[in-house]
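Take a look at the structure below.
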Amino acid sequence: MKINLLLAVFSASTLMAYAELSADELKVFKNELEIAGVRAETWKGEDRSKFERLGVNTFQSNDDPNNYDMSRFRLRLVVELTDKDDITYLAKFTGQAPEDYDSEYLGEDYWGLYMAHGDLERLKISGYIVQYGIMDGETFIALAEEEKKSKEMLERVRERTTKLFPNKVYLRHYYIYTKTGFGSTESTPVNIRLVKE
């Protein structure tokens, strides 16, 4: 039942493509990929505008993560936000991993979903579902998942008491790589485009 609810929330397509990954390959991916941490916080921009930020750290333990076609990976986020009047809003975003990684990529990625407060007061993240996975043809396969208060959130979605979040939402990403003479180094943060599903 949980899977069905997640599929409804993510508006998953009912069309199935022929699978390209074997069961053994999927098992390897599930063993090597993880969501290493999720953090919710209020963040202020340079112009003092406020955002709620959901930070996600993903990790790949493969000896050589560059063996993966990173463009097939997706981070799917559903976030519930609540304002001072206890009105709930739903923000959804699916981002595709960048295609270009430094050759010394260490398998550690950091993602930040930013949701602008705008005119909403005392906005806070009240629930979320994070899925990190891979596209197998036209089908998304979740390999790692993290949730907070997802049952209550999904109940509100089902009862239609949650509105779509009206303000600006964007996703930023950077990763860790080895730079000769400098050790572990962060890449330049970039905006990640929204993937339509």
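Throughout, read-outs are computed from the coordinates displayed, never taken from laboratory work. Fair warning: this is a prediction, and the values are worked out from it, not measured in the lab. Note: ideal-geometry Cβ built from the backbone for every residue, glycine included; neighbour counts use all protein chains shown.
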For this session: Can you figure out the FRET efficiency of I87 with N191, using R₀ = 25 Å and their beta-carbon distance, to the nearest 0.05?
Result: 0.35
Problem set entry | Peptide ranges 82-93, 42-53 listed from the most packed, as the mean C-beta count within 10 angstrom indicates | 82-93, 42-53
Seminar exercise, completed: Volume per residue (Å³) of the convex hull spanned by the alpha carbons of region 65-163 is 125 Å³
Exercise. If you take the beta carbon distance between Y170 and K27 as r and set R0 to 45 Å, what does 1/(1 + (r/R0)^6) give as a FRET efficiency, to the nearest 0.05?
Worked result: 0.85
For this session: Once you have the Cα-Cα distance between V38 and S184, take 0.36 nm times their residue separation minus that, and quote the gain in nm to one decimal.
Result: 50.4 nm
For this session: Please state, rounded to one decimal and in Å, the Kirkwood hydrodynamic radius that region 127-197 gives when every pair of distinct Cα atoms enters the mean of 1/r.
Result: 15.8 Å
